[in-house]
């Protein structure tokens, strides 16, 4: 068969459901092959959005999302999405076209070395130079994208290679099982946990995939050990449960950091070096048990004394079977810290002034969204407030990016989440800065007939950097901008636009939009003026008393 047909057959063998794409003329053979496939082609309005959607698909399913672009500018537009998937450990396979490599007639027109460009951003990148090599290279791209640690891979399919004939068979995915931790490591970790007086469980990004959530919940329920999560570990355990302390939304001085400081043993599950370190190890400080798929990457602030390397869920099961709650464990201080944090969150949430304060906004969203509802956060000041104050109930129900931390991913990520889980409520939460970086995807969402709510938080500036600027006493310089009429802008795409004029209008409007169906954007003026006072001075003062 033609190599492009073989390529699509290989995608089908990998279980691919969607290809998110902006094709070019170098992809036309592949496009024709996709036309006869059950794989759905989703055309986006920017390659970056196609990549964000593919990466989010991978994040939610554990199976590689696929994005497709042409050569040159199409491929360069995938670079940010490649870094997003690679740093965020989201399995994604990118496919780019290329001019004929055997008989070129156009010189260097649009040609850059895409494979070389993708090298530092991917786990694997290759030009396909023969139709016969298609099955093996597709299989390898998917294997590497999905094995621990997941990430981005890339294949370049030149126009003339796509037209070649091949008799090679498709390679089916192999059956694999992840290795389990050595018994001696489990025994040593169990001894350390038993002997500790104030153990603390810390859940990171690596635990928010591969179905570790159920075992983590059993581990916590049986032992009652207080639990803290990183931003990308959010939702692995139910954050309304009695053992959840809080999320490391801030870099330092928040209540949860007091809980971490007082622990004499930290059970660090799914640690990922891409996240800001939630604690710093010091000689003579708390002992650390590292539980992960891979060995620890040691640096000056992270050098665990005990490493349990293997499938996380199996390691937790083995530990759970060996351990019992200990009478000498003392969680009184952590409980006091947890209570103080919950009071601080509650006190801020009752402020119903307008423009709306972020603490109250988070409460209103939590009240409306169902337990399994999915939030897809873009990057901005609000991300800290949602990470800290929003009680997630299930894994990957709060999709935020604390790895590349790129703006512009919120709307495409929400769209992908809705495709994966059409029965669940999905909301994109975007600042006005990040939203405008991929706002054209409103058309894609309308065309796909998605039921989607976009909460647009408008402060007419780059609020996160303003907050940082204020901390450095720069004053307020260079970060304000103008905005379109977001209601009219949204309606020009055939979606529904709404504007909040009072805080009391927000909750009923969100509820109405969620129930009505279709694509809805809600323009919400937000007031970040108290960020510095609350997140820096007030929290530092209150937590310092504990």
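The values are calculated or read from the model by the stated rules, or taken from the named source; none is laboratory data. If you're wondering where the values come from, they're calculated on a predicted model, not measured in any experiment. Methodologically, a virtual Cβ is constructed for each residue, glycine included, from the backbone with ideal geometry; neighbour enumeration extends over all protein chains shown.
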- Message: Anything in region 282-304 that is surrounded by 14 or more Cβ atoms within 10 Å (Cβ to Cβ) and over 26 Å from the mean Cα position of the chain (by Cα)? List them, or say none.
- Response: 286, 287
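Determine which member of the set 197, 209 is modelled with pLDDT under 95 and out of contact with any helix residue (DSSP H, G or I) (no Cβ under 6 Å at 6 or more places or on another chain). Steps first, answer last, please.
Details: 197 fails: modelled with pLDDT under 95.
From the options 197, 209, the qualifying one is 209.
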- Quick count over region 127-154, residues being within 32 Å of the chain's Cα centre (by Cα), buried (at least 17 other Cβ atoms within 10 Å of the Cβ) and more than 20 Å from residue 88 (Cα to Cα), is 7
- Screening 300, 304 for residues that are within 18 Å of residue 288 (Cα to Cα) and without any contact (Cβ under 8 Å) to a residue 12 or more places away in the chain leaves only 300
- Query: Mind checking whether some residue in region 202-221 is outside the structural domain of residue 61 (by TED's automatic domain parsing) and over 30 Å from residue 401 (Cβ atoms)?
  - Reply: no
- Message: Quick check on residue 82: is it farther than 30 Å from residue 271 by Cα, modelled with pLDDT of 95 or more and touching a helix residue (DSSP H, G or I) at 6+ places or on another chain (Cβ under 7 Å)?
- Response: no
- Selection from region 217-235 of residues touching a strand residue (DSSP E or B) at 6+ places or on another chain (Cβ under 8 Å) and over 30 Å from residue 381 (Cα atoms) yields 219, 220, 225
- Task: Tell me which residues, restricted to region 227-245, are closer than 17 Å to residue 335 by Cα and crowded, with 24+ Cβ neighbours inside 10 Å.
- Result: 227, 228, 229, 245
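One line per residue, one yes/no per condition, for (1) out of contact with any strand residue (DSSP E or B) (no Cβ under 9 Å at 6 or more places or on another chain); (2) assigned to a helix (DSSP H, G or I):
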site	(1), (2)
316	no, yes
324	yes, no
337	no, yes
352	yes, no
364	no, yes
376	no, no
379	no, no
386	no, yes
- Item | Sole exception among (1) without any contact (Cβ under 8 Å) to a residue 40 or more places away in the chain; (2) surrounded by fewer than 19 Cβ atoms within 10 Å (Cβ to Cβ); (3) farther than 22 Å from residue 296 by Cα for residue 172, by number | (1)
- Message: Need the failing condition index for residue 170 against (1) closer than 24 Å to residue 91 by Cβ; (2) within 28 Å of the chain's Cα centre (by Cα), just the number.
- Response: (2)
- Does residue 339 satisfy the criteria of being outside the structural domain of residue 435 (by TED's automatic domain parsing) and either under 23 Å from residue 261 (Cβ atoms) or modelled with pLDDT of 95 or more (or both)? yes
- Query: Of (1) under 30 Å from residue 251 (Cα atoms); (2) without any contact (Cβ under 8 Å) to a residue 24 or more places away in the chain, residue 508 satisfies all except one. Which?
  - Reply: (1)
